[in-house]
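The values are calculated or read from the model by the stated rules, or taken from the named source; none is laboratory data. This is a predicted model, so every value here is computed, not measured. We place every Cβ from the backbone using ideal geometry, glycine too, and count neighbours over all the protein chains shown.
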Amino acid sequence: MEMLEELLASARKAWEQAYCPYSRFPVGAALLTSDGEIFIGCNVENLSFGLTVCAERTALCSAVAAGKRQFSGMVVVTDTQEPETPCGACRQALYEFSPNLWIVTANLQGQQRVYRLCELLPAAFQAKI
Ligand code: THU
């Protein structure tokens, strides 16, 4: 993926901004639009736990609010032994805009895994309503 290094650096920077006093599990994300812009996100928790927003959706909402609707790649960074994949809710939220999105998961040690969103979310909800 082009711009991978820049996306990794952006996601790591976002990771540092995570607000996660309850889980102490910071996540950083960087979303690349199809026209080459990067939007970052981190998880934002709340004392009312169910209000927590994941890093991936923070980045997605920020991009959509800026008028972007097509995305080519996302990098997700965690401080875990193995890179972590986005949760099911985030997969569905991203699928809405870009089913073929490349997703690179990485940990702080530099290990990486590469997926396509449609591979991580087979049989996604896509009813015609
Ligand atoms: N989290 C994310 O930011 N992305 C995911 O895909 C899964 C989980 C956050 C939510 C919560 O703040 C913390 O990680 C622990 O679940």
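Can you say whether VAL114 is modelled with pLDDT of 95 or more and surrounded by 18 or more Cβ atoms within 10 Å (Cβ to Cβ), as far as the supplied structure shows? Criteria not met by VAL114.
Looking at segment 20-129, the helices (runs of 4 or more DSSP H) lying wholly inside it that each contain 2 or more residues that are in contact (Cβ under 8 Å) with a residue 40 or more places away in the chain and within 21 Å of MET3 (Cβ to Cβ) sit at 55-65.
When the residues of segment 71-84 are filtered to those that are closer than 14 Å to ILE38 by Cβ and touching a Ser or Thr at 6+ places or on another chain (Cβ under 7 Å), the one that is nearest to the ligand (Cβ to nearest atom) is VAL76. Set side by side, the residues ALA89, ALA93, ALA59, ALA66 differ, and just one is surrounded by fewer than 17 Cβ atoms within 10 Å (Cβ to Cβ), within 19 Å of GLY28 (Cβ to Cβ) and within 11 Å of the ligand (Cβ to nearest atom), which is ALA89. When restricted to residues that are within 9 Å of the ligand (Cβ to nearest atom) and more than 18 Å from ARG12 (Cβ to Cβ), segment 32-48 contains 1. Listed residues GLU16, GLU37; which is closer than 22 Å to GLY110 by Cβ and surrounded by fewer than 14 Cβ atoms within 10 Å (Cβ to Cβ)? That would be GLU16, the only listed residue that is closer than 22 Å to GLY110 by Cβ and surrounded by fewer than 14 Cβ atoms within 10 Å (Cβ to Cβ). Going by the structure shown, is GLU2 at pLDDT below 95, on the phi < 0 side of the Ramachandran plot and not basic (Lys, Arg)? So GLU2 fits the description; yes.
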